[in-house]
Amino acid sequence: MYGSKKNKIDDMLNKINGFVWELCAVQDTFVYLVDAREKKCRLKLATGFFLDFNMESNFKNYILDQIYETRKFLILDDFSLENFRIGNNTPKQISRLLILPLICDDRLLGIVGTASTKSGSPLEDKELSLLQQFTDLSGVVLGKTLSEYPFRALIRHQKKEIKSLEQMEGKYAQMFYMSPDAIVLINIDGTFVEVNHSFTLITGFSKDEAVGKTLKDLGIWFNIADRKKILNLLYCSDEIEKIEIPICKKDGKIVHTQILARRVTLNQKPYYIVVGRDISKQVAAKAERIQQEDTIKHMAYFDQLTDIPNRNNLYEKLAKELGQAKIGKTSGVVFSIDVDGLKTINDAYGHHFGDNVLITVSTRIKEAVGEKVFVARTGGDEFMVALQGKYTNEQIDIIAEKISRSVSKKQQHLGISLHTMVSMGITHYPEDGDTVETIIKKAEDARYEAKKMVEIVGSFIIRKCKLKHIIVRV
């Protein structure tokens, strides 16, 4: 019951205010309800610059005294206004105030006010008369409605609403200033209206430095493309959800942020509310995790000494190649290479010296076959080369000889010079096998055969053997 009557009163006051608005052709109006017993009035609604208008008590008393005496509208010009302190935020462009009484049965129920600006035209007598007639009728209707619902109850309820709103406003203000996230209110033109303490902590810019400036003025944009991206998103949807962008602090450091933004209307003006969260630690942790994953993956697929592919990598490479070979799309040759005499070198000069020899050998094999050819270290002194494509025996001999000549060049480490030699075994795929294990085993068997041959006949090149693989020994 109470709510419906209150809504009826509010609706009526809105209609009265709207009629005055239209007739006076202005958007700056206010409506006060009056408690005749205590001669007090309370603001009920306002529009335009009267949203921030708050009459001082001496001015209210002056208006009420004049209205009680004349029971007619009251016009206050420049001279009258100068004698009163109307309010803290009264616009300087006001040149005249028009106050209209709402009276029923000789009882003042409320006042309706509007303003004329220095650039506007004053109302004519006919318009003033029409306004007076309208407010007279409105006062009668308002009086009837108020008689159905006690005015004091209305005031009490309004006080409760105001208190509730003030409490809510206080809570929101605390949330705004105490939030760990940066929260800012921005004009449509991009200038800051308000910033909280976390904005200062994250960006390094104080409230005084930020208000009235734009992000571009402060040099916060790390990438100007991010600015265009955000503006396009707001233009399309008036809202942004969780966009990650880097920004520049006042000291030049980069901060990674997660941004949420929304277009809102406050006091009939459009703004943007932007919330920014510092996620620099999360971004750094993610980068570190990715780096660790890459390191682990690299360790799993690359030799730690020579930094070339290892046996696991070779297996995956050949598995893909054999898959393509089964459907006739590829073929290739695999070289199994062994560095002769590495144990003797390690025993004579130490394992660190032998490691340097292996690094040099891996580099020279890659130089001999080309950077794009797959070269892997599969064991202590063992390497494999996988060549994709069809090759004749003569072409394979040339490649084997290039490898042998490159590896056998003099090496020098710690003032010691030496020459290294290699044994090689070669298989073809898919002719020599259809599995990775078979191809690798046959290449290694051919290399072992080469070692046996050299023990019997010395250093030479063998072009045929019962395993049908080219076996090279230099």
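The values are calculated or read from the model by the stated rules, or taken from the named source; none is laboratory data. The structure presented is a predicted model; accordingly, all values stated were derived computationally and were not measured. So basically every Cβ, Gly included, is an ideal-geometry build from the backbone, and we count neighbours across all protein chains shown.
Structural remarks
- Unique match (being among the hydroxyl-bearing types (Ser, Thr, Tyr), buried (at least 16 other Cβ atoms within 10 Å of the Cβ) and modelled with pLDDT of 80 or more) among SER116, SER138: SER138
- Top-ranked residue of the range 370-403 - restricted to ones that are crowded, with 21+ Cβ neighbours inside 10 Å and among the small types (Gly, Ala, Ser), ranked as nearest to the chain's Cα centre (by Cα): ALA376
- Residues of the range 264-320 that are exposed (fewer than 10 other Cβ atoms within 10 Å of the Cβ) and of a type outside the set (D, E, K, R): THR265, ASN267, GLN268, GLN304.
- Unique residue being under 25 Å from PHE176 (Cα atoms) and not in a loop (DSSP other than H, G, I, E, B) when the list is GLN282, GLN292: GLN282
- The range 93-110: number of residues that are crowded, with 19+ Cβ neighbours inside 10 Å and more than 20 Å from GLU127 (Cα to Cα): 4
- Matching residues in the range 404-457 - criterion: being hydroxyl-bearing (Ser, Thr, Tyr) and surrounded by fewer than 18 Cβ atoms within 10 Å (Cβ to Cβ): SER406, SER408, SER417, THR435, THR438, TYR448
- Residues of the range 1-17 classified as aliphatic (A, V, I, L, M) and at pLDDT 80 or above, total: 3
- The combined condition, being farther than 24 Å from LYS326 by Cβ and either assigned to a strand (DSSP E or B) or modelled with pLDDT under 90 (or both), is fulfilled by MET453.
- Of all the listed residues (ASP251, ASP278), the sole one being under 14 Å from the mean Cα position of the chain (by Cα), not polar (S, T, N, Q) and not assigned by TED's automatic domain parsing to the domain that holds ARG377 is ASP278.
- The single condition from (1) surrounded by fewer than 18 Cβ atoms within 10 Å (Cβ to Cβ); (2) touching a residue at least 40 places away in the same chain (Cβ under 8 Å) that VAL361 fails is (1).
- Those residues of the range 425-440 which are closer than 13 Å to GLU382 by Cβ and assigned to a helix (DSSP H, G or I), in sequence order: ILE440
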